Amino acid sequence: MEKSIHRNICEEHVFEGVYKKYSKDLHNFLYYKFGNQLNPEDKVQEAFIKLWDKCADTTPEKAKSFLFTIANNSMLNAIKHEKVKLKYSQKPFASFTIEDPVFILEEKEYMQKYQDALANLTEAQREVFLLNRIDKKKHQEIADLLGISRKSVEKRLYGALTKLRKEIKNLP
Amino acid sequence: MNKEKLILKWLDDDISDEEMKEIKQLPEFEDYLKISNKAHHFKPPEFNTYKVLNKIKSKHYRSRKLYWQYSIAASIILIFSALLIYNSDSHESINTSIAEQKEITLPDNSKVSLNAGSIITYDAENWNTNRTIQLEGEAFFKVAKGKKFDVITNNATVSVLGTEFVVNNRSAFLEVMTFEGLVQVVTKDTILNLTKGNSIVINKDYFSNYAFEREQPTWLEGSSSFKSTQLEIVLNELERQYDITLNIPKNLQLHRLYTGNFPHNNLEEALQSISVPMNLKYSLKGEKTVSLAYIEEK
């Protein structure tokens, strides 16, 4: 692991460095895991404010796990335990102007099924799958981010992919 | 190869052409490909890094203000304690932000020029007996004659007697250039002596040295220059000199070596001096963001 000469992260430029490194990943992680019912942006903000309040006791190396734990817990405490449904965006369809209407309908149906299947994944499967497919993160990067082993990342990832396929295709 | 292993390699973007042929034979692969291609429809809402950072800063400093009465009380106590107890911890810390340079004179008249995005820490009180500086980033030193002078970085300790030299230390990257006298570089596995006009570069497991003829580093004259330096290091320096964010595509080979320089006062020119020789194109997105891409072959 990188060693730093900073014993804590109270100085503004050190804090900003930590912020730039982790804020977007933290935001996307929260969104994939909990969806949008509580604003993930607010939770990112809260977590970083708490981190700054505690900056004197936190080294740059410890900041990541502090942030992910704090934000995750405050989500868990606030959230109603409902199924998380991530809405798919319709935008790309608008650009296909001369598309066959049957095709458009089929595509829409497919995305509906995809959305439901994604909601039926476990939180653990969904966050790993979307960090990999949308944020293009390597398996090792995800493992480092979530503080789990690469093996468990891959187990969740493969589980997610096979489960999505089964649900979308109505396979047993 | 085992099916699961093959699919995981594909998901990690770490698959050979041979394996790709094999994976295409799998009956379920078409479904997986479609699932993967459609995943982008679930993209999270755009996260505005700057907006949120500003909110955090304003909240942080507001909450600080509330405690000003306590702070004053605390400071008075502190001043008294400081008078009572001899305080040997007198560490000075000086840093530069993006696109900023500073010149610092140390208690013995040694001079330090700090390049952008760097920080030094030293003990001002006991400077004459303990000439030790901790450095993160890049600095040019003109050392006054005297006892041993050490620059400590996370990659190595650089020691001298009286000389002029540059230390550039960015995470796993270290560059030391000697402009005058003799410098000793001590890493965890080697000891090297560098004479005038010589330099070394250590980057993870990659190691090289070269000779040069300049009198002082080019960044003191408003440009950054590189000799066979990994593109990643060059792009990081560009971000530090211009306060911009670079969007770097995944397929960009950041370990390719770059030789050349870029000015600090003209972003377009700087971008051209890097992108043209590296066969890249760039596009400005607003004031603070630049996207890089390979020029596609026809």
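The values are calculated or read from the model by the stated rules, or taken from the named source; none is laboratory data. Here the structure is a predicted model, which is why all the values come from computation and not from measurement. Please note: Cβ atoms are built from the backbone with ideal geometry, for glycine as well, and neighbour counts cover all protein chains shown. Note: areas computed on protein heavy atoms with side chains; ligands, DNA, RNA excluded. Shrake-Rupley method; radii C 1.70, N 1.55, O 1.52, S 1.80 Å.
Before moving on, here are some points about what is shown:
- Per residue, the solvent-accessible area of the protein assembly as shown (1.4 Å probe, heavy atoms of protein chains only, all protein chains present) comes to 55 Å².
- Once the Cα atoms are used to define both axes, helix B:231-242 deviates from the longest principal axis of chain B by about 60 degrees.
- In chain A, the portion of solvent-accessible area held by carbon and sulfur atoms comes to 52 percent [1.4 Å probe, whole percent, DNA, RNA and ligands not counted].
- Chain A: relative contact order as a whole-number percent, Cα under 8 Å and 6+ apart: 23 percent
- Shielding by other protein chains, A:158-166, mean Cβ within 10 Å: 4
- Under a 5 Å amide H cut-off, with hydrogens placed 1.01 Å from N, residue B:115 pairs with B:138, B:139, B:140 among residues at least 5 apart or on other chains.
- Rounded to the nearest 10 degrees, the angle from helix B:68-84 to the longest Cα principal axis of chain B is 50 degrees.
- ³J(HN,Hα), Karplus 6.51/-1.76/1.60, whole Hz, each residue of segment A:101-108, x for Gly, Pro: x, 5, 4, 4, 5, 4, 4, 5
- Accessible surface buried by the B/A pair amounts to about 4900 Å², both sides summed, 1.4 Å probe.
- Sites matching chymotrypsin sites (Phe, Trp or Tyr not before Pro) across segment B:86-177 that sit in DSSP coil, with at most 11 neighbouring C-beta atoms within 10 Å: B:86
- Average beta-carbon neighbours from other chains, 10 Å sphere, peptide A:15-27: 3
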